[in-house]
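The values are calculated or read from the model by the stated rules, or taken from the named source; none is laboratory data. Since we're looking at a predicted model, the values are computed, not measured. Note that we place each Cβ from the backbone using ideal geometry, even for glycine, and neighbour counts take in every protein chain shown.
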Amino acid sequence: MATLTTDRRSGKTAAHNNQHSNVQWYDGKRRHTIHLGGKRYTKKTAERFKDIVEALLFYRRNGITTPEKSVEHWLQNAPVELRAKLAKAELLVVDEAKTCQQLWDAFLKFKAAEVKPTTMKVYRDQSVNREYDRFITMDEYGKLLAACPNQEWRTIIALARIGGLRCPSELQRLRWKDVDWEQNRFLVHSPKTERSEKHSHRLVPLFPELREELDKCDKTTEFVVQSFQGTAWSLYEPLQEISERAGLGKIRCPFVNMRRSRANDVVRQFSEAMKRMWIGHSWDVMEKHYLLQLEEDFSTC
């Protein structure tokens with residue numbers, strides 16, 4: 001239950017317009033507060049904001065991903081400042097910021113109709129940065145699992161390192177209904193490549209190491225990773241804390257590197273064709289962004 005409170009800032013008069021509204025709630029561990037100060041909101045707006053917070057808290061507790069129409073309408077038309085406050089409190093998922101790679105890809109698409117193929121090749125050859133590439137070994141994977149605070153985090157890491165999922169985009173859409181236990185496989189929905197009907201989803205094996213972790217999960221929820229639904233999916237900092245506890249230090253681009261490590265495993269253990277189907281990108285992308293030269297490769301020469 002959220003509550004609406006007001007306070008007066010130091011040095012202000014007791015005039016009504018100098019009162020600042022706050023929305024507070026307690027999650028069982030600590031009290032959270034959203035301050036509506038800095039901009040004068042009417043009492044009616046503040047009370048409606050409190051109602052929205054209560055609704056979003058209810059959705060999060062009950063795993064509801066589709067809000068009521070009245071709540072959805074308010075969220076779509078709310079001031080950017082209020083949406084930002086909800087996102088900061090992890091009650092609202094905002095549109096993901098564009099990465100440099102996404103912006104560069106958009107630029108290339110725009111320029112493709114204007115420049116010659118040879119110029120496009122020059123453009124494309126400029127966009128690769130392998131400075132933070134890292135292969136996360138299975139020994140390091142085991143240490144990460146051991147350092148996890150709960151089974152959900154073990155599952156997140158297993159889906160990234162063993163399943164090769166993009167995080168969070170593919171991870172947050174994975175439902176238990178997508179897991180086919182009898183056929184030993186699961187369906188991955190890929191928003192990054194969904195523009196192409198052939199690449200909007202892919203089937204991935206339930207590799208033994210992954211199945212071991214999924215077997216331990218609570219399967220009464222809708223999503224495989226349930227507690228982050230309805231939040232901003234801020235996984236980076238918690239993962240770094242896990243990595244520090246595991247004695248691995250800071251891992252740059254941790255989820256990309258776990259996916260990269262799995263792609264290298266699949267190429268070496270199975271084939272490039274299996275990698276393309278299970279990991280979900282072409283050989284050109286693999287060679288340009290994912291393929292690593294490992295120490296053990298020299299021992300096979």
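Structure data summary
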{"read-out": "Filtered residues of the stretch 213-238 (kept if part of a helix (DSSP H, G or I) and without any contact (Cβ under 8 Å) to a residue 40 or more places away in the chain)", "value": "TYR236, GLU237"}
{"read-out": "Selection count where residues are in contact (Cβ under 8 Å) with a residue 24 or more places away in the chain and out of contact with any helix residue (DSSP H, G or I) (no Cβ under 9 Å at 6 or more places or on another chain), scope the stretch 147-169", "value": "1"}
{"read-out": "LYS192 being surrounded by fewer than 18 Cβ atoms within 10 Å (Cβ to Cβ) and either modelled with pLDDT of 90 or more or not small (Gly, Ala, Ser) (or both)", "value": "yes"}
{"read-out": "Number of the exception - LEU235 against (1) crowded, with 17+ Cβ neighbours inside 10 Å; (2) out of contact with any Pro (no Cβ under 8 Å at 6 or more places or on another chain)", "value": "(2)"}
{"read-out": "Qualifying residue in the stretch 167-179 (condition: in a strand (DSSP E or B), among the hydrophobic types (A, V, I, L, M, F, W, C), modelled with pLDDT of 95 or more and outside the structural domain of THR66 (by TED's automatic domain parsing))", "value": "yes"}
{"read-out": "Matching residues, the stretch 2-27, being of a type in the set (A, V, I, L, M) and either under 15 Å from LYS85 (Cα atoms) or at pLDDT 80 or above (or both)", "value": "ALA2, LEU4, VAL23"}
{"read-out": "Residues (of a type in the set (A, V, I, L, M) and within 16 Å of the chain's Cα centre (by Cα)) located in the stretch 208-260", "value": "VAL224, VAL225, ALA232, LEU235, LEU239, VAL256, MET258"}
{"read-out": "The one condition in (1) modelled with pLDDT under 95; (2) hydroxyl-bearing (Ser, Thr, Tyr); (3) within 19 Å of ILE242 (Cα to Cα) that THR155 fails to fulfil", "value": "(1)"}
{"read-out": "Selection from the stretch 142-157 of residues that are crowded, with 19+ Cβ neighbours inside 10 Å and either farther than 15 Å from ARG211 by Cα or in contact with a strand residue (DSSP E or B) (Cβ under 8 Å, 6 or more places away or on another chain) (or both)", "value": "LEU144, CYS148"}
{"read-out": "Some residue of the stretch 165-178 being of a type in the set (Ser, Thr, Tyr), over 14 Å from the mean Cα position of the chain (by Cα) and surrounded by 14 or more Cβ atoms within 10 Å (Cβ to Cβ)", "value": "no"}
{"read-out": "Qualifying residue in the stretch 251-267 (condition: modelled with pLDDT of 75 or more, surrounded by fewer than 17 Cβ atoms within 10 Å (Cβ to Cβ), among the aliphatic types (A, V, I, L, M) and not in a helix (DSSP H, G or I))", "value": "no"}
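Results for (1) crowded, with 18+ Cβ neighbours inside 10 Å; (2) modelled with pLDDT under 85, shown as yes or no for each residue.
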| position | (1), (2) |
| --- | --- |
| LYS29 | no, yes |
| LEU36 | yes, yes |
| GLU54 | no, no |
| LYS69 | no, no |
